[in-house]
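Have a look at the structure below before the remarks.
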Amino acid sequence: MAPILEVHDFTFRYAARPQPAVQGISFSVEEGEMVLVAGPSGCGKSTLLRALNGLIPRSYKGDLQGSIRIGGVDPRTWPLARLSQQVGTLLQDPERQIVAADVLHDVAFGLENLGWPRSRILERVDEVLHALGISHLRDRPTFQLSGGEKQRVALAGVLAMAPRILLLDEPLASLDPQSAQEALALFRQLHQEGHTVLLVEHRVEDAVRARPDKALYLEEGRLAFMGDLEAFFERVDPTAVKVPFPVWLRRWPGVRGRPMPRVEIPPASPSAPPLVVFEDVSFGYGDGPDVLHGIRAEIRKGDSLAILGPNGAGKTTLLKLAMGLLKPRRGRVWVGGKTTREQTVAGIAHTIGYVFQSPSQMLFAPTVWEEVAFGPRNLGHPPDQIEADVRWALELVGLLDQAQSSPWALSFGQQKRVTIASVLSMRSRILVMDEPTAGQDYRSYMRLMDAIARIAFGPAPAVDALVFITHDLDLALSFANRVWVVADGRLIADGPPEEVFSDPETMRQGRLVPTSLLEANRQHWRRIGRFLRAERLVEFLQGTETAHRA
């Protein structure tokens, strides 16, 4: 039998770009296979998926060469209705995939367009919602969903169409660790039931738990590797891709000798002056029940604070209260010595710079430069300072060469960096980031976080505190000196990573799943005295082993 998917010498250049996004890609996938697709941000993964689901050349115009065959047929010859039943896509940003006001109608949307009878649509919607464990969201307004809930609803809409090939574009990016494991189990089940799955994912250590048959690795728009996982781990650079910690240990001789970042984040100080104070804060949306209950906490100068917890626990809501975007139902939020009710959102922005979870909630300008310049211009900064700060922020996130590009022509990971730069350019005293690493490859987000850490903890600090919401435990143990865990609208833990991540009950309530790096740190932290990022821990372990052999 012929492969279900054949790609031969595929090259595509977007009309607005001088260079091809992908070039000379050839591979095939057998029916029922699961393939992990990995590679740095901007390497061509999203372009490849757009070609497979028909968005290229229908929606994205440019120069296309080579061929793609699905079941032996060129998908460009199919109408979109037929193609949607052959190839289903879960987009990287769920905001772009939610089309209806409530969950039921959103999941039913594709089936309604195919003309299914109402009774069968309702039956199919309920089947899919049950399979994904989100039946309780059936009648929920979509605007009230968390990022992770929106992603599951978007996936339900895709699965309702029962496609032969399922394209998953960063499906774990907005999910808490336990939800990610449940999603991977679902993907594995779909694979075992005979679906052909292409799983595009930066979180390689997590993705391999879905047991993909092969890995496909792209670099600079070209196919760099296609083969089994063991060969992939021997081929891939562990500083570029998030791999299990044992792979770091095994591959260390090839990595050793490269310059390693040396930004040291000091321990958080309980006696440092508070910058933001939550004073017995409760909050609920509209006439609904409270989603936050009696929050008492402070963000202090010198904090590098990671906020973790389940999807829908109230993490983003908590920070929107600090920004003044929401007002507490009970209690008070203090920023800079005044309550948020006494200040405008623009006034609070001088103190707190907030990077939203979804780039689509922030991007609007025609060029990257104009996007990053908007904030400081709106705050009334002098033109010379705006020029300098925009250049500084774009250099920091590695996008100065894209200054005149449209933000919408960039990859999701690059768009995320644009939004971070647009907040950095405002020079707020507290930098708050909601899922800063979503959609970013490991090397890019580690470099970005290193650069941000230097801003806060280098020789000339430009901010007083860092705050970031994340589902990535490794990011928290690498860059946080303090961790909050929020569950069921309550702050259930507040302390250093070594303390919080060693409490089994906190891990359970927070739906936090230990990673291989966390397990290694737990094993050795009494000797080291603190948790270390992968490079530092492997340096320590290899140095210790060398000393023991001597």
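Listed values, structure above:
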read-out	value
³J(HN,Hα) computed for each position of region 233-241 - Karplus, 6.51 cos²θ - 1.76 cosθ + 1.60, integer Hz, glycine/proline x	5, 7, 8, 7, 7, x, 7, 9, 10
Most positive-pole-ward Cα, Gly227, Val276, His191, against dipole of region 187-288 from beta carbon charges	Gly227
Positive-end residue, the chain charge dipole about Cα centroid, Cβ charges, pick of Gly133, Gly347, Ala210	Gly347
³J(HN,Hα) computed for each position of region 122-132 - Karplus, 6.51 cos²θ - 1.76 cosθ + 1.60, integer Hz, glycine/proline x	5, 5, 5, 4, 5, 4, 6, 4, 5, 4, 8
Mean residue ellipticity (222 nm) of the chain, computed from DSSP H runs ≥ 4 via -39,500 (n - 2.57), nearest 500	-11500 deg cm²/dmol
Footprinting exposure proxy for Val345, Val423 (fewest neighbouring C-beta atoms within 10 Å first)	Val345, Val423
Cα-Cα separations in region 25-123 greater than 24 Å, expressed as whole percent	34 percent
Amide H within-cut-off set for Val37, under 5 Å, with H built and near neighbours excluded	Leu199, Val200, Glu201, Leu216
Angle between the chain longest axis and helix 383-397 axis [Cα atoms, degrees, rounded to 10]	60 degrees
Prolate/oblate/rounded label for region 103-146 (Cα gyration tensor, a/c 1.5)	oblate
Residue exposure sequence - Leu308, Leu229, Leu473, Leu83 - by fewest surrounding Cβ within 10 Å	Leu229, Leu83, Leu473, Leu308
Integer Hz, Karplus 6.51/-1.76/1.60 couplings in order for region 199-213, x for Gly and Pro	9, 8, 7, 7, 7, 4, 4, 6, 4, 5, 5, 7, 6, x, 6
Taking only Cα atoms of region 274-497, radius of gyration then Dmax in Å	16.9, 49
Considering only the chain, percent of DSSP beta bridges that pair antiparallel, nearest 5	55 percent
Once the Cα gyration tensor of region 5-251 is diagonalised, semi-axes √(5λ) in Å	29, 23, 16
Long-range HN-HN contacts of Val291 with modeled amide H, under 5 Å	Phe283, Gly284, Tyr285
Net charge, Glu371 excluded, C-beta distance under 14 Å - Lys, Arg +1, Asp, Glu -1	+2
Pairwise FRET efficiency - Phe143 versus Lys338, Cβ, R0 = 30 Å, nearest 0.05	0.50
Region 462-550 shape via C-alpha gyration tensor axes, a/c threshold 1.5	prolate
Kirkwood hydrodynamic radius (C-alpha pairs) into Stokes-Einstein, the chain, 37 °C and 0.692 mPa s, D in µm²/s	134 µm²/s
Pair Ala100, His130: separation of 7 Å Cα→Cβ label points (nm)	1.8 nm
Three principal axis lengths of region 223-340 [C-alpha, angstrom, descending]	56, 36, 22
Mean projection area, nm², convex hull over Cα of region 337-418	6.1 nm²
For region 91-119 versus region 35-67, the gap between their alpha-carbon centres in whole angstrom	24 Å
Filter on Lys45/Lys214; Lys242/Lys315; Lys338/Lys416; Lys150/Lys320 - keep pairs with C-alpha separation over 27 Å	Lys338/Lys416
Cβ-based exposure ranking for Trp248, Trp484, in which fewest neighbours within 10 Å come first	Trp248, Trp484
Cut-off under 5 Å, modelled amide H: who pairs with Arg482 long-range	Ser304, Ala306
Three-way shape call for region 283-385 based on the alpha-carbon gyration tensor, with the a/c threshold at 1.5	prolate
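Every read-out reported here was derived from the displayed coordinates using simple, explicitly stated rules and does not represent laboratory data. Not measured: the values here are computed from a predicted model. Cβ atoms come from the backbone with ideal geometry, glycine included; neighbour counts cover every protein chain shown.
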